[in-house]
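Worksheet for the structure shown next.
The values are calculated or read from the model by the stated rules, or taken from the named source; none is laboratory data. This is a predicted model, so every value here is computed, not measured. Note that each Cβ is placed from the backbone with ideal geometry, even for glycine, and that neighbours are counted across all protein chains shown.
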Amino acid sequence: AERVRDYIRGDLPKGCCSVDRCAEKFGVSPRTLQARLEAEGTSFSMQIEEVRIHLAKVYLQRPESSLDEIAEWLGYSEQTSFGRAFRRWTGTSPQKYRQGLG
């Protein structure tokens, strides 16, 4: 799962992160990749979510990064989608999280 997270960290900001591309990178079928992740008690979508949570918190520490930019880097088409996801993860908005860092 760690290698998958490394792949996601690299490709998520490029907007080309998918289970198919990840499986191809590791030389296995998408089904095999999913089965291996399931054997570890996780899934590709869960790994994307973990990476997004981590990166969101890192990016929010950079005051020069706008919320629109952060949303885009994390693969969201709109800032509002990112905001809803962030509240689901942390119980607070990205703006309030950022204010609490200062």
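Observations, loosely collected:
- Residue check for residue 62: charged (D, E, K, R), in contact (Cβ under 8 Å) with a residue 12 or more places away in the chain and loosely packed, with under 13 Cβ neighbours inside 10 Å: no
- Restricting attention to region 83-102, the residues being in a loop (DSSP other than H, G, I, E, B) and under 22 Å from residue 14 (Cβ atoms) number 0.
- Residue in region 27-40 that is of a type in the set (D, E, K, R), modelled with pLDDT of 95 or more and touching a helix residue (DSSP H, G or I) at 6+ places or on another chain (Cβ under 6 Å) present: no
Rundown of residues vs (1) crowded, with 17+ Cβ neighbours inside 10 Å; (2) under 17 Å from the mean Cα position of the chain (by Cα); (3) of a type outside the set (Asp, Glu), yes/no style:
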position	(1), (2), (3)
3	no, yes, yes
9	no, yes, yes
22	yes, yes, yes
28	no, no, yes
31	no, no, yes
40	no, no, no
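- When residue 93 is tested against (1) in contact with a Gly (Cβ under 9 Å, 6 or more places away or on another chain); (2) at pLDDT below 95; (3) on the phi < 0 side of the Ramachandran plot, exactly one condition is not met: (2).
- Within region 62-77, one or more residues are modelled with pLDDT under 95 and acidic (Asp, Glu).
- Tally, over region 33-82, of residues that are under 24 Å from residue 20 (Cβ atoms), part of a helix (DSSP H, G or I) and among the β-branched types (Val, Ile, Thr): 3
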